[in-house]
Amino acid sequence: MHAINYDAPTTLDQAVSILKTHGENARPFCGGTDIIIQLRAGVRRTEHLVDVKKIKELQVLSFDAKKGLRLGAAVPCIEISESDVMRRHYPGLTEAAHLIGSLQIQNRASVGGNLCNGSPAADTTPALIVLGARARIVGPNGEREVPVEAFVVSPGRTVLKPGELLVELLVPAPAPHSSDAYLRFIPRNEMDIAVVGVGAAVTLDGDKVKAARIALAAVGPTPILASKAADAIIGMKLDDAALEAAGRAASAACSPIDDMRGTAEFRLHITAVLTRRVLSIAAERAKKN
Amino acid sequence: MSKKTLVEATINGETVEFLCEPRQSLLETLRDVLELTGSKEGCLTGDCGACTVLVEGRPVCSCLMLGVEAQGKNITTVEGLATNGVLSVLQNKFLEHAALQCGICTPGFLISAKSLLDRNPKPTEHDVRYALAGNLCRCTGYDKIVKAVLDAAAAIRSQGEGKAAAR
C-alpha cells in the first residue's frame, strides 16, 4: 500500500475539520474491510484516512417504538446480528448484516461502511432502502439527510462530498402488521458477493397489502428501489398472481450486466424468483406483528 | 513516506510499545515489527483467515486492520495461547487429532476456535463449523479440525468439572 496519513478524531467537529482540510485526498475509514483491499489493489487512492470509530455518535444503536432506529454509521455488523431488538423489529436488515462475510469480517464491517463503499451489490443497502431509511450526513456546511435509495450514485461513488461524513442511519419505527426480509442468491452457501439481492418490507391490512417497498442489489449500477414492483401488490391479496406480477415488475426495473457471477438473463430470472420469495417471507412475518 | 506513529497496545497480556507507519496492516506490524510471526499472511483480502487474531476478544483478520488502530487495544495472537511453553488444551487436541498438515492455516483456526470456546463451552458441530467458516484449509478437509475443537471443548468442560469437584 502507498503511504497514507491516519487520524482518529473523537468528535464530529474534529472529523469534519480534518476531512475539510484534506478535501478530495481524505476519506472516512471505519472497518477497513473494503478500503484496505482497494488501497492495496490501487483501485482507490487516498492520502489520508480518518478513522471514525472513536466518535460516539457513530457508535449509537438505539431503538424507540415511536421514533424508530438510530444506527450509527460505525456500528459493526456483529452488534446488529447479536441484537434481539434488531432481530425482532428489523429482521430483514438483521439478516442482511448477518450474511456479510465471516465472523472476522462482521466484527469489523459496518452497515454505514457497506453503504459508503457504494457497491451495487451491498447486501445491507436494499434492506435499508425498503425500511425507508435516511442517511444523516454532516459536513463543513452543516447537516443534511438523504434517503438511502439516493445515496449511491454510481458504482463506488456516493453523494458524500469532500469534507462530508455519514453519521447515522435513521429508520422509521415499523408500522403495525409490517415486517421486512432480505434474500440473496450466491453460487455457494455462504460468504460470497450477491449475484442478485432482494429486500422487501410489507405492511398488511387484513389479508391485503397496505404498503410495500422492494429494493434490489447487484442488478444495476446502483442499488434500486423497485417502486413499480411494490405498486403491483398494493391493495392486493398476496396470492400467486400478485407475487408473479411483483416479480415481473422487479425484473423490469433491473439493468444487469453479464459478469463472472452470472449473466444478465440469469439475473433477471433470479430477481423475479427472489422477489416472490422475499415478499412471502416479509408478509408471513408481518402477520405476526 | 508518512512518519511513523507510536502505538501502545496489550499483546498476549503484555503492554507493548511499537512504531509503525499508518499504511502497515496489523499483520505486517505483528510479523515485521514485533517479530510475532505466528499469524500468517494468506490472501490479504479477508477471505482465508490465516491472519486471524483476537482484538478485544473478537476474531478479526489482521490483514484488514491497520497497525495504528491497535492503539489501546487488547490483542491475542497464536503466540498467546500456550502458557510458559506448555500448549493449551486446544493446541494439544489439534496435535492429537492430526488437525493440520502444512500448518499455514493452523494459527488462524486456533484463534477462531479459542474465540468460540471462550463464548460457548458446549458447541455443537454446527456451531464449530459456523465459527470456523472464515478460515480456509486446503489440506485437512476440515473434519479433523472440527473433531479436535469438539474434543477440546469436552476436555475443557471436564477440567472445569474436575476443578469444581476438588473445591
Tensor-based shape of the range B:27-82 (alpha-carbon gyration tensor, a/c under 1.5 rounded, otherwise prolate or oblate): rounded
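For the protein assembly as shown, what is one quarter of the convex hull surface built on the Cα atoms, given in nm²?
Values: hull surface 94.8 nm².
Mean projected area for the protein assembly as shown: 23.7 nm², to one decimal.
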Using a Förster distance of 25 Å, how high is the FRET efficiency between B:ALA154 and B:ALA82, based on the Cβ-Cβ distance and rounded to 0.05? 0.75
Going by a ≥ b ≥ c, the root eigenvalues of the Cα gyration tensor, does the range A:130-239 fall in the rounded group (a/c under 1.5), the prolate group (a/b larger than b/c) or the oblate group? oblate
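Taking Cα pairs under 8 Å and at least six residues apart, what relative contact order does chain A come out at, in percent?
That works out to 16 percent.
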Run the quick spin-label model on A:VAL43 and A:GLU143: label points 7 Å from Cα toward the beta carbon, then report their separation in nm to one decimal. 3.4 nm
Normalising by the residue count of chain B, find the relative contact order in percent from Cα pairs under 8 Å and 6+ residues apart. 22 percent
Rounded to 0.05, the calculated FRET efficiency for the beta carbons of B:ASN92 and B:ARG58 at R₀ = 25 Å is 0.55
Counting every Cα pair in chain B, what percent are over 19 Å apart? 55 percent
Mean projected area in nm² (Cα convex hull; one quarter of hull surface) for the range A:70-212: 9.1 nm²
Inter-chain shielding metric for A:5-11, i.e. average beta-carbon neighbours from other chains within 10 angstrom, reads 3
Separation in nanometres of the label points that stand 7 Å from Cα toward Cβ, at B:THR45 and A:GLU82: 2.9 nm
Ranked by Cβ crowding within 10 angstrom, fewest neighbours first, how are B:CYS61, B:CYS102, B:CYS48 ordered? B:CYS102, B:CYS48, B:CYS61
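Hey, what number do you get for chain A at 222 nm if only DSSP H runs of n ≥ 4 count, each worth -39500 (n - 2.57), divided across all residues, to the nearest 500?
So the calculated ellipticity at 222 nm is -9500 deg cm²/dmol.
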How far apart, in nm, are two points set 7 Å out from the Cα along the Cα-to-Cβ line at B:CYS102 and at A:ARG277? 3.5 nm
Greater than 23 Å separation of Cα atoms is the criterion. Which listed pairs, A:LYS67/A:LYS208; A:LYS208/A:LYS228; A:LYS56/B:LYS73; A:LYS66/A:LYS287, meet it? A:LYS67/A:LYS208
Hits in the range A:32-56: amide N under 15 Å from the 7 Å Cα→Cβ extension of A:ARG157, namely A:44-45
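Given a Förster radius of 60 Å and the C-beta distance between B:VAL16 and A:GLU265 as r, what FRET efficiency does 1/(1 + (r/R0)^6) yield to the nearest 0.05?
Plugging the Cβ-Cβ distance into 1/(1 + (r/R0)^6) gives 0.60.
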Please work out, to two decimal places, the log10 of the ratio I(q)/I(0) at q = 0.23, 0.25 Å⁻¹ from a Debye calculation in which every Cα of the range A:1-100 carries one identical scatterer. -1.12, -1.21
Run the helix sum for chain B: -39,500 (n - 2.57) per DSSP H stretch of 4+ residues, divided by residue count, reported at 222 nm to the nearest 500 deg cm²/dmol. -10000 deg cm²/dmol
Angle between the Cα long axis of helix A:12-22 and the longest principal axis of chain A, 0 to 90 degrees, nearest 10? 70 degrees
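Every number here is computed from the coordinates shown, using simple stated rules; none is lab data. Treat the numbers as computed from the prediction; the structure is a model and nothing was measured. Note that each Cβ is placed from the backbone with ideal geometry, even for glycine, and that neighbours are counted across all protein chains shown.
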